[in-house]
Amino acid sequence: MSIYVIGIGGTGAKCIEGIIQLASIGLFNEETLHLLFVDADENNGNLERALKSLKIYQDCQDLNLADKHPWMKTKIESFGLWSPFANTSVNKNLGSFFEYNILKEDEPALGNLFDVLYTSEERDANLDVGFRGRPAIGAAVMSQVKLDALDYDSWGQLINQLQKDTGGGKRPKVFLCGSIFGGTGASGLPTIGRLVHNKLESLKIRSKVDLGCLFVLPYFSFSPTLGENADTVYARSEQFLLNTEAALRYYGSQAQETFNTVYLLGNQNLSPVKVFSVGRNTQRNDPHFIEFYAALAARQFLLNPTSEVKNVVLMNRENLKSLTWKDIPDQKVVNSELVNATRFAFVWLSNIAPGLDIAKNMGVKNFQRGPEAFWFVKFFPDRTFFGNSQKQAVDFNDLEQQNAIGIITSWCQDYLRWLSQIHQCVGENIQLFNANHFNSSKLSPQNLPDLITGLGDSRDQTRKSRDTMQELKKRLDPENISTLPKQGIFGLAKALYHVCRL
């Protein structure tokens, strides 16, 4: 089985960001995960952050750190970003895209219809910031996409890969995700879903591919702060519910014909966006726990067999304004991997990385003689111990070792940043971790026993009291590692991930 995810618009990029984070901690399988981003706003801040997380993930995955644990076991490849304006030389506005001036002159009736459907502001609005929360604008542009003409584009690569998969006896799964209430997602999800469906039908492989979709319902709101000369065409959160109602009426019939499985995901509490932006790199909304659920929905679709009978999957939470471990699908597995990865990232940033930094500044030999070096020498033994066989010892100052420290540290920071932010949704009480302990300026090893809240930690107080950084480092042992290398930073990271499991 091969798995593909297509994230459409800013919300789609945020859903993929969540998928990347869950894949990094082993909640997907060892099949390669293929990603495609779709957005007219090529500089969207949400997209930029997702691409940054992807780069951090790929750098870390290249270190081959998976051992007995599932950390980084999933390879992720990307087809990159596709924009509906990628192959056009016209100005990025609706009027230029449809050659409005020529249309008015040569086909007055169609030109007049265009005037009825779109205001002059909508016609002339610069769409390099996306479709400005207007599904009608996005639908007009997306309807002109011809997958048959994109054989050498990202779409061509994706379709070719699907053909190879089905030809080789695999049953690939394709998962589309985005918002139902904005501009790019609301217009792109049905159109792209239908285009993919029709393309696979024409290739006579549609019956061999599972096609799923996640429609994200409204879950945030904002109050625009616009200057005197600001554009009048922008997303308006007060229209989200109206957009959603109209979209659901359409999808009620169309989605059943296109997709094998459809997920709807939303939140009754609309979290306020901190900083309003029309688009580009300033549109960088903090991760939300809804995107955590979106990643779990993708996991459920991609990893479970698709029934020939279309099922309805229901999910809710016990209390309207709180989220606990009891509200997490597949709680046992998700709990185990989330806790393990979070403890590892916390221990690495709060203690191991600072210790490695001290070793670099002091010099390895001086650090090895210190009282806190008992864990360090297991992975960087004194080179004089090996006599003439010094090649067996790992040089701590080697460029490969130092680069690995930086890569692992970047992943830990990015993962805890994402996890911390999904705990900070305004009006919500997220009770998974004590996220205040993740603050980079307050990382304290003493908080290790209290990272997990509620049912996520079943240990009694005695076991918690023994959960100290010192005890954990005593358990670090290269002999517990099943794959080479067992020493150096690579061995240390694998051993640490192993001992952080509760």
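A quick yes/no check of all residues on (1) assigned to a loop (DSSP other than H, G, I, E, B); (2) open to solvent by less than 10 Å² (accessible area, probe 1.4 Å); (3) among the hydrophobic types (A, V, I, L, M, F, W, C):
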position: Tyr4; (1), (2), (3): no, yes, no
position: Gly18; (1), (2), (3): no, yes, no
position: Gln21; (1), (2), (3): no, yes, no
position: Asn29; (1), (2), (3): yes, no, no
position: Leu35; (1), (2), (3): no, yes, yes
position: Asn46; (1), (2), (3): no, yes, no
Q: Using the structure shown, decide if Phe220 is under 24 Å from the mean Cα position of the chain (by Cα) and modelled with pLDDT under 70.
A: yes
Q) Considering Ser336, Ser322, which residue is open to solvent by less than 90 Å² (accessible area, probe 1.4 Å), of a type in the set (S, T, N, Q), modelled with pLDDT of 85 or more and under 20 Å from the mean Cα position of the chain (by Cα)? A) Ser336
Q. Which residues, counting only those in the stretch 79-100, are open to solvent by 50 Å² or more (accessible area, probe 1.4 Å) and modelled with pLDDT of 80 or more?
A. Leu81
Q: Kindly indicate the residue of the stretch 139-177 that is of a type in the set (Val, Ile, Thr) and touching a residue at least 60 places away in the same chain (Cβ under 8 Å) and also most open to solvent (accessible area, probe 1.4 Å) among those meeting that condition.
A: Val145
Q | Pair list, Cβ under 7 Å, 6 or more apart: the stretch 366-391 residue modelled with pLDDT of 85 or more, other residue open to solvent by 60 Å² or more (accessible area, probe 1.4 Å) and assigned to a loop (DSSP other than H, G, I, E, B) | A | Gln368/Asp382
Q: Kindly indicate whether any position in the stretch 60-79 is over 30 Å from Leu502 (Cβ atoms) and not charged (D, E, K, R).
A: yes
Q: Go through the stretch 21-55 and count every residue that is among the aliphatic types (A, V, I, L, M), modelled with pLDDT of 95 or more and over 23 Å from Leu419 (Cβ atoms).
A: 1
Q: Filter the stretch 101-136 down to residues that are within 27 Å of the chain's Cα centre (by Cα) and of a type in the set (A, V, I, L, M) and give me whichever is modelled with the highest pLDDT.
A: Leu127
Q. Hey, among Ile205, Ile192, Ile180, which residue is more than 20 Å from Glu291 (Cα to Cα), open to solvent by less than 10 Å² (accessible area, probe 1.4 Å) and of a type in the set (Val, Ile, Thr)?
A. Ile192
Q: Enumerate the pairs (first residue in the stretch 53-78 and open to solvent by 60 Å² or more (accessible area, probe 1.4 Å); second residue anywhere and part of a helix (DSSP H, G or I)) with beta-carbon separation below 7 Å, excluding pairs fewer than 6 apart on the same chain, so at least 6 apart or on different chains.
A: Lys68/His498; Lys75/Gln61
Q) In the set Ser441, Ser410, which member is modelled with pLDDT under 95 and either of a type outside the set (A, V, I, L, M) or out of contact with any Gly (no Cβ under 8 Å at 6 or more places or on another chain) (or both)? A) Ser441
Q) Across the stretch 156-214, what is the total count of residues that are β-branched (Val, Ile, Thr), touching a helix residue (DSSP H, G or I) at 6+ places or on another chain (Cβ under 6 Å) and not in a helix (DSSP H, G or I)? A) 3
Q: Go through (1) at pLDDT 85 or above; (2) open to solvent by 20 Å² or more (accessible area, probe 1.4 Å); (3) of a type outside the set (Lys, Arg); (4) not in a strand (DSSP E or B) and name the single condition Ala298 misses.
A: (2)
Q: Determine the pairs where a residue that is open to solvent by 30 Å² or more (accessible area, probe 1.4 Å), located within the stretch 444-464, has a partner that is at pLDDT 90 or above and in a helix (DSSP H, G or I) with Cβ atoms under 6 Å apart, the partner being 6 or more residues away or on another chain.
A: Pro445/Ser350; Pro445/Asn351; Pro445/Met469; Asn447/His437; Gly454/Trp325; Leu455/Trp325; Lys464/Pro449
Q. How many residues are surrounded by 19 or more Cβ atoms within 10 Å (Cβ to Cβ) and not in a helix (DSSP H, G or I) when one looks only at the stretch 390-427?
A. 4
Q) Applying the selection to the stretch 428-443, what residues are open to solvent by 20 Å² or more (accessible area, probe 1.4 Å), touching a residue at least 12 places away in the same chain (Cβ under 8 Å) and of a type in the set (Gly, Ala, Ser)? A) Ser440
Q: Would you check which residues across the stretch 465-502 are surrounded by 20 or more Cβ atoms within 10 Å (Cβ to Cβ) and under 19 Å from Leu419 (Cα atoms) and list them?
A: Tyr497, Cys500
**Q.** Search result, residues across the stretch 428-454 that are part of a strand (DSSP E or B) and under 20 Å from Trp348 (Cα atoms)
**A.** Phe433, Ile452
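The values are calculated or read from the model by the stated rules, or taken from the named source; none is laboratory data. Predicted model, so just to flag it, every value in this text is computed and none were measured. Cβ: placed from backbone, ideal geometry, glycine included. Neighbour counts: every protein chain shown. Just so you know, the surface numbers come from the protein's heavy atoms only, side chains and all, with ligands and any DNA or RNA stripped out. Shrake-Rupley method; radii C 1.70, N 1.55, O 1.52, S 1.80 Å.
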